[in-house]
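The values are calculated or read from the model by the stated rules, or taken from the named source; none is laboratory data. This structure is a prediction, so every number in the text was calculated from the model and none was measured. Using ideal geometry, Cβ is built from the backbone for each residue, glycine included, and neighbour counts are taken over all protein chains shown.
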Amino acid sequence: MEYDINGVNPYSRYGRYWAASDGTTLPFIIVDSGHQVHNAWYPNLYDIYKDMVDAELARAPEAEITASSQRVGNKLQFSIQVKNLSGVTLSSGNGATVHAVVYEEHTPTPTDDHNTGRIVREAISASISSLANGATETFNLETGELSNVADWDNVHAVAFVDYLPDGAGNAYDMLQAATADSVDLPDLTLIKTDTPDPVTPGSPLTYTIRVVNNSAQDLHATITDTLPVSVTYAGPLVWTPTITTPGGAWEHTFVVTVATGCTVTLINKVEVTTTEGPTAVYYAYTNAYKVYLPLVVRNY
């Protein structure tokens with residue numbers, strides 16, 4: 001039993017996460033969001049909580065959850081898709097909420113209160129305004145700065161949804177939970193889009209370059225665009241922006257003209273280097289409409 005999440009009241013439902021993992025199940029088992037709490041003490045406590053957990057695992061899930069997270073700087077961004085299978089409309093009226101819990105694995109010591117080896121680093125949530133039975137909705141959540149993390153390689157996350165089935169003042173019911181595996185983004189992401197594709201020879205082609213800083217520091221960048229030989233453009237093709245963290249972005253749109261009679265695939269290379277070290281390269285490919293000459297038939 002972990003009693004503390006960033007110093008909150010240990011008797012709130014956020015304060016009652018019990019880690020019960022055999023290496024294959026979810027790292028957290030949440031028993032009705034902690035409202036089924038028994039005041040028994042050792043040695044009966046283990047058996048009582050085990051019976052409660054087993055009863056929860058035997059129930060059919062009342063929601064389908066697909067969750068993922070990505071690290072941006074020292075924050076985690078979550079995308080949580082929820083399909084309601086509860087039989088009722090989940091809404092603010094019955095306290096329906098989507099949660100994400102970030103925790104860090106560690107080795108407990110004999111004097112350590114965190115005996116499960118898992119320390120919760122942050123718990124965030126979003127209210128469900130109205131989700132009909134059978135409907136699906138995606139929720140996007142973001143943590144604050146997780147400056148308390150000791151080792152990001154040991155950081156994991158779970159997502160879950162709960163509600164008050166009988167109205168305010170009663171026990172919350174957790175409908176389902178899912179792991180939210182983190183995908184580490186590179187320190188720098190680069191993309192270039194082209195419109196339209198394919199393009200008509202002799203027509204304008206619009207390019208948009210977007211660079212995003214996913215690192216924990218400002219990046220002083222040099223962005224170099226090498227255009228295809230079959231396009232013309234009179235503007236600058238080298239930029240030197242400072243892209244701030246976390247999640248800062250630089251974007252630039254410009255229009256080139258495709259040469260008349262061009263029938264080849266246009267290959268455009270964009271490269272980013274930074275004083276701090278991160279680099280990126282992106283190739284944009286644009287197809288050109290082929291021009292067919294009319295067929296001339298001669299009468300003899």
Closer than 25 Å to ASN74 by Cα, over 23 Å from the mean Cα position of the chain (by Cα) and in the same structural domain as GLU276 (by TED's automatic domain parsing) - does that describe any residue in segment 189-197? no
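Conditions (1) of a type in the set (Val, Ile, Thr); (2) surrounded by fewer than 19 Cβ atoms within 10 Å (Cβ to Cβ); (3) under 22 Å from THR265 (Cα atoms), marked per residue:
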| position | (1), (2), (3) |
| --- | --- |
| THR206 | yes, yes, yes |
| ALA216 | no, yes, no |
| HIS220 | no, yes, no |
| ILE223 | yes, no, no |
| THR232 | yes, yes, yes |
Among the residues of segment 260-274, write down those that are part of a loop (DSSP other than H, G, I, E, B) and either free of Cβ contacts under 8 Å to residues at least 60 places away in the same chain or surrounded by 15 or more Cβ atoms within 10 Å (Cβ to Cβ) (or both). THR260, CYS262, VAL264, THR265
Reported set for segment 209-237 where residues are more than 12 Å from THR279 (Cα to Cα), touching a Phe, Trp or Tyr at 6+ places or on another chain (Cβ under 8 Å) and among the hydroxyl-bearing types (Ser, Thr, Tyr) is TYR233
Does THR224 meet the test of being over 30 Å from TRP152 (Cβ atoms), assigned to a loop (DSSP other than H, G, I, E, B) and outside the structural domain of GLY144 (by TED's automatic domain parsing)? no
